[in-house]
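S.K.: Dropping a structure here in structure tokens format, bear with me for questions.
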Amino acid sequence: MAEQKSGHPRGLYVLFATEMWERFNYYGMRAILVYFMTDALLFNKAFASNLYGGYTSLIYLTPLIGGFIADRYWGNRRSIILGGLVMALAEFILFFCSSLYKSNPDLSGFLFYAGLGMMIVGNGFFKPNISSMVGQLYAENDKRKDAAYTIFYMGINVGGMLGPFICGLVGNTGNPDDFKWAFLAAGIGMLLSVITLKFLQDKYVVDADNNPIGVTPKEMADSNSPIKNQLSVTVILGLIALVAVALGLLYLHGQKIFDLSWLMLISLAVILYVIFSDRSLTKVERDKTIAIFVVSFFVVFFWSAFEQAGASLSFFAAEQTNLHISSINYDVPPSWFQSLNSFFVVAFAPVFAWLWVKLGKRNAEPNSPLKMAIGLFLLGLGYVWIAMGVKDVGTNVKVSMIWLTGMYALHSWGELCLSPIGLSLVNKLAPLRFASLLMAVWFMANAAANVLAGKLSALYPPGPAEILKADKAGINLPAILSGQLTPSAQQLATLNEMEVPYQYTSFMGFQIHNLYDFFLLFVIMSGIASLILFLLTRWLSKMMHGVK
């Protein structure tokens, strides 16, 4: 008997908790990652930014593999549990990496890349499958799906709020030796995620007719299935091979030997071929699939600006934000700012869910593409706010926390208009046989955005850390940057050796001389994307054939 539609199925809350602890793991580790790279491993900001972008892009690219294998062989459940175990092991490897960075830097460096590689692969099996399972809890035309994805998105953000707070509290103390405790806490959170799903899935994670969801597809459940046991030697060797590939790609991208942007284009071409070469795809299914690709293109611009949180905005929080709270005489860890986004999402998700329902009753609810255009506009508005905060402010002046706080509030409202709506839209539009693969396309847009985010973060103008480093070498960096002083050949050699930038950067001809210029770049980028998507909403509505 189908479940009554007065509430949500209990399986939603099991998936909520599973995703919450996984996001605790991911966002907790992400919050301290660039600080670990710059403060412990002593990477320069540009290299750390580029490596961060490569890591986060592969995090979102590997769901293409995980989604495909789940659709064809393993099913969602097995993929989630196996991916979660791999990620937990990755965090424990990073714990040992951060324990050895002084005593054995070579081994620590290897463990660092190995840990990131395992995180990338594990996430690939976890992320697309749990998102896909949320929609499977409901009947095809169940109007509760948008609300369900908003509730699920709250689970993501509860974890995203707690992760940076706890990991920042124990790891981002100002002492690089403490980073290991952040990785350990993240690993424990990941184990809790796996345990939650493993012991509750059989009873609660079922569809409207109480049939289990996320199991191995029936057509692959026979003896001819290439993969039957998730812990077989074949599977383990396959995982090791995937980790090695991820590790190699990450290293090559960090060293600028191979740009991951090319991998995005190749992946896109393969997906387009796999889907559109299927002759059983009807015209309506084809149109809906095209709509998924179009909206996914626009989210690249959203996430490339939004994901500055883990890179350039982390530098801004640590170097040019006044972290001292005089009333309690306490300096907050800069990584705590990464909890703000999730805090605002948790606080305002019920408001947005209520708003969409209220507008829907009046037949005034915007369709999904229009909501996403509004999200891009709010993102740009957030950068307008922080650009105002740094305008005409000197390099050595620290600004109030209100500027970062206000920006994260606006970004969170934009995210609520875009991310849960997009997840639900993909689920509603995707043909069932390509459900996980097209959910992975959504995450591939995130992957492309993160590559771009790393490149954009590397444009972050020289700040107090670089000025102090140059000053210790007897070099007046501000005078060189402003053109008041021409550096000697020896000074240039010293700056290069210290990996300190001595020229301002530019992006497509746009010169970046200070933080105001840097933030203005994101205002322009997100504003143009918002306007174009707004103009395309009517055409997209036709392509979606009644889906809103």
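The values are calculated or read from the model by the stated rules, or taken from the named source; none is laboratory data. Being a predicted model, the structure only gives us computed values, none of them experimental. No Cβ is skipped: glycine too gets one built from the backbone with ideal geometry, and neighbour counts run over all protein chains shown.
S.K.: Please find, within region 309-337, the residue that is farthest from residue 45 (Cα to Cα) out of those that are assigned to a helix (DSSP H, G or I), touching a Lys or Arg at 6+ places or on another chain (Cβ under 7 Å) and not hydrophobic (A, V, I, L, M, F, W, C).
M.R.: In the first step, residues of region 309-337 are kept if they are assigned to a helix (DSSP H, G or I); the result is 309-310, 312-320, 334-337.
Now narrow it down to the ones that are touching a Lys or Arg at 6+ places or on another chain (Cβ under 7 Å): 310, 315, 320.
Subsequent filtering for residues that are not hydrophobic (A, V, I, L, M, F, W, C) retains 310, 320.
Working: 310: 12, 320: 15 Å.
Filtering first and then ranking leaves 320.
S.K.: Are there helices (runs of 4 or more DSSP H) fully within region 424-520 with at least 2 residues that are under 30 Å from residue 132 (Cα atoms) and free of Cβ contacts under 8 Å to residues at least 40 places away in the same chain? List them.
M.R.: Values: elements: 435-457, 464-472, 477-482, 489-498.
No helices (runs of 4 or more DSSP H) qualify here.
S.K.: To continue, here is another question. Does region 41-51 include one or more residues that are touching a His at 6+ places or on another chain (Cβ under 8 Å) and either in the same structural domain as residue 213 (by TED's automatic domain parsing) or modelled with pLDDT of 90 or more (or both)? Give the steps one after another, and end with the answer.
M.R.: Taking region 41-51 first, the residues touching a His at 6+ places or on another chain (Cβ under 8 Å) are 50-51.
Checking the rest, the ones that are also either in the same structural domain as residue 213 (by TED's automatic domain parsing) or modelled with pLDDT of 90 or more (or both) come to 50-51.
Scanning region 41-51, I find at least one residue that is touching a His at 6+ places or on another chain (Cβ under 8 Å) and either in the same structural domain as residue 213 (by TED's automatic domain parsing) or modelled with pLDDT of 90 or more (or both), so the answer is yes.
S.K.: Kindly establish whether residue 301 is buried (at least 23 other Cβ atoms within 10 Å of the Cβ), out of contact with any Phe, Trp or Tyr (no Cβ under 6 Å at 6 or more places or on another chain) and either on the phi < 0 side of the Ramachandran plot or in the same structural domain as residue 161 (by TED's automatic domain parsing) (or both).
M.R.: Details: buried (at least 23 other Cβ atoms within 10 Å of the Cβ): yes; out of contact with any Phe, Trp or Tyr (no Cβ under 6 Å at 6 or more places or on another chain): yes; either on the phi < 0 side of the Ramachandran plot or in the same structural domain as residue 161 (by TED's automatic domain parsing) (or both): yes.
Judged against the criteria, residue 301 is a match.
S.K.: Of everything in region 522-539, what is surrounded by 22 or more Cβ atoms within 10 Å (Cβ to Cβ) and aliphatic (A, V, I, L, M)? Give them in sequence order. Working first, answer last.
M.R.: Pass one, region 522-539, residues surrounded by 22 or more Cβ atoms within 10 Å (Cβ to Cβ): 522, 525-526, 529-530, 533.
If the condition is that a residue be surrounded by 22 or more Cβ atoms within 10 Å (Cβ to Cβ) and aliphatic (A, V, I, L, M), then 525, 529, 533 are the ones that fit.
S.K.: Given (1) surrounded by 17 or more Cβ atoms within 10 Å (Cβ to Cβ); (2) within 14 Å of residue 450 (Cα to Cα), identify the lone condition not met by residue 262.
M.R.: (1)
S.K.: Let me ask something additional. For region 344-401, which residues satisfy the criterion of being among the basic types (Lys, Arg) and within 23 Å of residue 425 (Cβ to Cβ)?
M.R.: Once the filter is applied, which keeps residues that are among the basic types (Lys, Arg) and within 23 Å of residue 425 (Cβ to Cβ), region 344-401 yields 358, 361, 362, 371.
S.K.: Name the residues in region 99-134 that are buried (at least 24 other Cβ atoms within 10 Å of the Cβ) and either among the small types (Gly, Ala, Ser) or free of Cβ contacts under 8 Å to residues at least 12 places away in the same chain (or both), would you?
M.R.: Those that are buried (at least 24 other Cβ atoms within 10 Å of the Cβ) and either among the small types (Gly, Ala, Ser) or free of Cβ contacts under 8 Å to residues at least 12 places away in the same chain (or both): 115, 117, 122, 124, 131, 132.
S.K.: Between a first residue in region 262-277 that is in the same structural domain as residue 65 (by TED's automatic domain parsing) and a second residue that is assigned to a helix (DSSP H, G or I) and polar (S, T, N, Q), which pairs have beta carbons less than 9 Å apart while being 6 or more apart in sequence or on different chains?
M.R.: 263/57; 264/57; 275/289; 276/289
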